[in-house]
Amino acid sequence: MGFLFVESLPGPKIFKCKCCKVDSSSHDDIISKDFQGRFGRAYLFRTVVNIFLGPDEERKLLSGLHIVNDIYCSSCQQILGWRYEKAYEESQKFKEGKYVLEKERLVKEVLLLGTSFCLWTPQTMDLVKLNCGASLVSYTNIGGLGFIIRNAAGIELHAASEPSAFSTILVGEAETVRMGIPFVVAAGYT
Ligand SMILES: [Zn+2]
């Protein structure tokens with residue numbers, strides 16, 4: 001089995017492969033954000049990492065005939081975009097050797113004060129969110145459990161609460177999850 005070398009990029013804004021989260025390119029290497037990909041909007045980059053290229057292919061694009069190579073993530077083999085090997089029209093020559101990555105196939109990671117996070121994407125319609133919470137009266141074992149299940153539109157599907165007795169708030173929180181999950185399963189979500 002081969003050893004996969006994964007390169008990490010420096011800088012505060014990094015685009016990563018959406019599928020496997022290895023670094024793909026830096027925000028600083030964007031030449032243009034105004035490109036059309038197969039799956040919607042795409043960006044033109046000076047350089048990308050953690051990829052391998054497919055064979056040369058002649059392809060008719062919106063801006064004319066080009067020789068391109070498809071770009072694959074070297075970690076998960078997902079197709080990420082294409083590279084311009086050759087442009088026939090003079091006005092398109094600036095793209096030669098440059099890389100188009102599909103926005104839809106990337107996540108942008110923004111580094112802020114030494115911590116990193118991925119930009120939030122809303123849950124899809126086939127998912128529900130179960131919010132659980134417990135409360136406990138100080139120095140007693142008297143408390144309550146409650147949960148609410150919402151769909152992607154934020155509409156409440158089910159909510160319940162009940163008084164309960166437990167030793168610590170962590171036990172209460174865990175009990176609430178145990179209480180809520182059967183309702184999610186009963187509603188047809190697994
Ligand atoms: Zn990947």
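General remarks:
- Of all residues in region 85-95 being farther than 17 Å from Pro55 by Cβ and among the acidic types (Asp, Glu), the one that is surrounded by the fewest Cβ atoms within 10 Å (Cβ to Cβ): Glu90
- Residue check, Val110 buried (at least 16 other Cβ atoms within 10 Å of the Cβ) and at pLDDT below 90: no
- Number of the exception - Thr124 against (1) within 26 Å of Lys16 (Cα to Cα); (2) away from the ligand (no atom under 16 Å from the Cβ); (3) part of a strand (DSSP E or B): (3)
- Condition broken by Ser75, with the remaining ones in (1) in a helix (DSSP H, G or I); (2) in contact (Cβ under 8 Å) with a residue 60 or more places away in the chain; (3) not hydrophobic (A, V, I, L, M, F, W, C) satisfied: (1)
- Within region 66-84, being farther than 13 Å from Phe35 by Cβ and small (Gly, Ala, Ser) holds for Ser74, Ser75.
- Number of residues in region 39-54 that are part of a loop (DSSP other than H, G, I, E, B), surrounded by 13 or more Cβ atoms within 10 Å (Cβ to Cβ) and not polar (S, T, N, Q): the value is 4.
- Meets criteria (within 16 Å of the ligand (Cβ to nearest atom) and more than 15 Å from Glu104 (Cβ to Cβ)) for Phe52: yes
- Selection count where residues are modelled with pLDDT under 90 and either surrounded by 15 or more Cβ atoms within 10 Å (Cβ to Cβ) or out of contact with any Asp or Glu (no Cβ under 9 Å at 6 or more places or on another chain) (or both), scope region 142-161: 8
- Filtered by the rule that a residue be away from the ligand (no atom under 16 Å from the Cβ) and surrounded by fewer than 17 Cβ atoms within 10 Å (Cβ to Cβ), region 55-84 gives Pro55, Asp56, Glu57, Glu58, Arg59, Lys60, Leu61, Leu62, Ser63, Gly64, Leu65, Ile67.
- Every listed requirement among (1) in a loop (DSSP other than H, G, I, E, B); (2) at pLDDT below 85; (3) in contact with a strand residue (DSSP E or B) (Cβ under 8 Å, 6 or more places away or on another chain) is met by Ser116 save one, (1).
- In region 67-87, the residues that are of a type in the set (S, T, N, Q) and in contact with a Leu (Cβ under 8 Å, 6 or more places away or on another chain): Asn69, Ser74, Ser75
- Qualifying positions in region 7-33 - assigned to a loop (DSSP other than H, G, I, E, B), in contact (Cβ under 8 Å) with a residue 40 or more places away in the chain and within 16 Å of the ligand (Cβ to nearest atom): Glu7, Leu9, Lys18, Cys19, Cys20, Lys21, Val22
The values are calculated or read from the model by the stated rules, or taken from the named source; none is laboratory data. Because the structure is predicted, anything quoted here is derived from the model rather than measured. Here the Cβ is made from the backbone with ideal geometry for all residues, glycine too, and neighbour counts use every protein chain on show.
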